[in-house]
Amino acid sequence: MNNTYFTPGPAELYPTFYQHLQTAMDEQIGSISHRSQRFRDIYKFADEQLRTLLSIPSTHGIFFTGSASEVWERVLLNCVEHESFHLVNGSFSQKFYDYANALHKHAHVLEKPFGEGFDAADVEVPAYAELVCLTHNETSSGVQMRTSEMHKLKRKYPKKLFCIDTVSSAPYPDLDFNLIDSAFFSVQKAFGMPAGLGVWIASQNCLAKAERLEKNDALTIGAHHTLPTLWKHYKTFETPATPNVLYIYILGKIAEDFNRIGIDTMRKQTEEKARMLYKFLETSDTLSPFVSQERHRSQTVIVATTGTADKPKSSGDVMAATKAVNMIVGSGYGKFKDSQIRIANFPAVSIEQVAALIDELKK
Ligand SMILES: *Cc1c(COP(=O)(O)O)cnc(C)c1O
């Protein structure tokens, strides 16, 4: 019997993935030139489907990278001359900040403890910060920052560029790209594909900044996949280097499947499954929700503490019990490995599969 993966990435594959892979093989997508009309059509199709799905306006381009963490580096090189600002409350937001330091940017940080979240009212952006780096869903702790709070913050600082890590939540967050300059994700999380492709959405304002920085001899915006080079090729739906054509093809097809269901329905299904999981955790006597503030609880990666203060239980026991019935849940992250589990609530798992997992966890 096949496993169902409730892991937060790599994750359960979206059910239509296999059919799209088969079609791609039948059509010999793996051998076509990335300078052919066939490829330009594939890029254009993925672009159109993602634009519809995420309401991306024509002011923004959509680019492909090796993975999401590559975008941390690209956006910092291309959009920051001196100073960036980061909200950090877990391992992934921390890494975004670490990249800024490694690139010798003057990186400002506002930190909160693991399991806590941010609201616009908590945040004062330093005066000279050029780029505000936010993480919609902190995958390590199961904390989300609401998009309405991100929009509120941007309205308070309209001149600053905002870049949002939506890696473990897209297409769930309803970002307003009239406000948000840049966002990015990888395909192995909520899009239900194997790892190997990152998607970077960036605005003309980001491009203008990169072009300005490129003229500055005291600075580099990098050599590989600079925003001006990506954009130049994007105009004809091409890429500077040979891209992952197969995955761009499949991503377009999966985004089309999502659009057939409709993004509103998909978001409602995500919220319904999250509601079921949190309701169960609230009433369980062996598991409890890790994130205490309801508005900061992730809708896409649900983190639970295993056992109770007087009756601790190792996450390994819980994971082994569900594995025995072919359901794979994620362990806690880092130092919470043994005391927490993480359950991905991505579109690839149905309401019925979530209900079956809850039944198993009840035992
Ligand atoms: C997984 C993840 C990343 C890194 O993605 P890669 O595909 O491994 O580069 C970055 N941010 C968040 C929030 C993630 O969950």
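The values are calculated or read from the model by the stated rules, or taken from the named source; none is laboratory data. Keep in mind the model is a prediction, meaning the values are calculated, not measured. Counting neighbours? That spans all protein chains shown, and the Cβs are built from the backbone with ideal geometry, glycine included. The area values use the complete protein model at the heavy-atom level, side chains included, leaving out ligands, DNA and RNA. Shrake-Rupley method; radii C 1.70, N 1.55, O 1.52, S 1.80 Å.
Quick check, is Asn244 open to solvent by 30 Å² or more (accessible area, probe 1.4 Å), on the phi < 0 side of the Ramachandran plot and touching a helix residue (DSSP H, G or I) at 6+ places or on another chain (Cβ under 7 Å)?
So Asn244 fails the test.
I'd like the full set of residues that are part of a helix (DSSP H, G or I) and touching a Phe, Trp or Tyr at 6+ places or on another chain (Cβ under 6 Å), limited to the stretch 5-28.
Ala24
Filter the stretch 126-138 for residues that are open to solvent by 10 Å² or more (accessible area, probe 1.4 Å) and in contact (Cβ under 8 Å) with a residue 40 or more places away in the chain; which is farthest from the ligand (Cβ to nearest atom)?
The qualifying residue farthest from the ligand (Cβ to nearest atom) is Tyr128.
Hey, can you tell me all the residues within the stretch 303-319 that are surrounded by fewer than 14 Cβ atoms within 10 Å (Cβ to Cβ), under 16 Å from Lys362 (Cβ atoms) and either modelled with pLDDT of 95 or more or not hydroxyl-bearing (Ser, Thr, Tyr) (or both)?
Asp317
So is Ala274 surrounded by 17 or more Cβ atoms within 10 Å (Cβ to Cβ), in a helix (DSSP H, G or I) and more than 20 Å from the chain's Cα centre (by Cα) or not?
When the stated conditions are applied, Ala274 does not pass them.
Checking Asp174 against (1) within 15 Å of the ligand (Cβ to nearest atom); (2) under 25 Å from Glu256 (Cβ atoms), which test does it fail?
With (1) within 15 Å of the ligand (Cβ to nearest atom); (2) under 25 Å from Glu256 (Cβ atoms) applied to Asp174, the lone miss is (1).
Would you mind stating whether Ala208 is more than 20 Å from Ser69 (Cα to Cα), open to solvent by 30 Å² or more (accessible area, probe 1.4 Å) and of a type in the set (Gly, Ala, Ser)?
yes
Scan the stretch 139-171 for residues that are open to solvent by 10 Å² or more (accessible area, probe 1.4 Å), aliphatic (A, V, I, L, M) and within 16 Å of the ligand (Cβ to nearest atom) and jot them down.
Answer for the stretch 139-171, where residues must be open to solvent by 10 Å² or more (accessible area, probe 1.4 Å), aliphatic (A, V, I, L, M) and within 16 Å of the ligand (Cβ to nearest atom): just Val167.
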